[in-house]
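The structure appears below as structure tokens.
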Amino acid sequence: MNDSSAARATAVLDVWCELQCPDCRSALADLRTLRARYGDRLELRLRHFPLEKHKHAFAAAQAAEEAAEQGRTWPYVEAVLDRVEELDRKGEPFLIEVARELGLDAEEFDTALIDGRHILIVDADQAEGKAIGVTGTPTYVIGGERLDGGKSQEGLRERIAEIADRLLAEGA
């Protein structure tokens, strides 16, 4: 870290997420609150953990990576999670529809889902998640601590804030 960035210390929150997961949708309120509280001092990193029980989750993870390529990761993730029932019903066409609604290059989404250009990223995230003990979504990792939101999200935002405050104080 160079001297000028010391004043802008950041903490990283890995968010192990699945875009067809109702619990992840519930977690959006916490993520929005954390983003509002910390701004760019807390880096939210989307990590993919598609579950086999959700048949569109793997495609949705690839679509989220395409959104990242186009610079709109979180707006896309939030738009899909807000309408998880539509993803259940419509599948991949819904992923492209959301891209179009957000003004993204929908044709590129379609092509990315066909050519599988983001599969390795999704596979790598899933493998890393399994290696560190992620079993469900949402799961958060901050400051080396894993917090499982798949069982209960009760108190997690506060715990994340506690750890973030400590990390930011140490980095300042």
Name the long-range amide H neighbours of LEU42: under 5 Å, sequence gap of 5 or more, or other chain; modelled H, no Pro or chain starts. ALA11
Roughly how much of ILE121 is accessible, in Å² to the nearest 10, using a 1.4 Å probe? 70 Å²
Protein accessible area in the chain, 1.4 Å probe - carbon and sulfur %: 49 percent
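DSSP beta bridges in the chain, what fraction antiparallel, as a percent rounded to 5?
If I count the DSSP bridges inside the chain, around 55 percent turn out antiparallel.
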Identify, among GLY103, VAL12, HIS56, the residue whose Cα sits farthest towards the positive end of the charge dipole of the stretch 1-121, taking +1 on the Cβ of Lys and Arg and -1 on the Cβ of Asp and Glu, with the dipole about the Cα centre. VAL12
Label SER152 and LYS130 with points 7 Å out from Cα along Cα→Cβ: what is the distance between them in nm? 2.9 nm
Coil-residue trypsin sites (Lys or Arg not before Pro) of the stretch 111-172, DSSP, other Cβ within 10 Å capped at 16: ARG117, LYS151
Can you give me the three principal axis dimensions of the chain from its C-alpha atoms, in Å, biggest first? 45, 36, 27
What stretch of the chain, leaving out the sites themselves, is the longest with no GluC sites (Glu not before Pro) in a DSSP loop having at most 12 other Cβ atoms within 10 Å? 53-153
Would you mind getting the accessible area per residue of the chain, heavy atoms of the protein chains only, 1.4 Å probe, in Å²? 50 Å²
With runs of 4+ DSSP H residues as the only contributors, calculate the mean residue ellipticity of the chain at 222 nm using -39,500 (n - 2.57) per run, divided by the residue total and rounded to the nearest 500. -17500 deg cm²/dmol
Percent RCO, i.e. relative contact order, over the stretch 1-100, from Cα pairs under 8 Å lying at least 6 residues apart: 32 percent
What value in Å³ per residue do you get for the convex hull of the alpha-carbon atoms in the stretch 91-172? 164 Å³
Anchor LYS130: lysines whose Cα lies under 21 Å away (excluding residues fewer than 8 positions away in-chain): LYS53, LYS55, LYS151
To the nearest 20 Debye, how big is the dipole of the chain about its Cα centre, given +1 on the beta carbon of each Lys and Arg and -1 on that of each Asp and Glu? 500 debye
How high is the relative contact order of the chain, in percent, counting Cα pairs under 8 Å that sit 6 or more residues apart? 33 percent
Heavy atoms of the protein only, probe of 1.4 Å, neighbouring chains included. What is the accessible area of SER152 in Å², nearest 10? 60 Å²
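The values are calculated or read from the model by the stated rules, or taken from the named source; none is laboratory data. Note that the coordinates shown come from a computational prediction; the quantities given were computed from them, not determined experimentally. Cβ sites come from the backbone with ideal geometry, for glycine too, and all protein chains shown count toward neighbours. Just the protein is used for accessible areas: all its heavy atoms, side chains included, with ligands, DNA and RNA removed. Shrake-Rupley method; radii C 1.70, N 1.55, O 1.52, S 1.80 Å.
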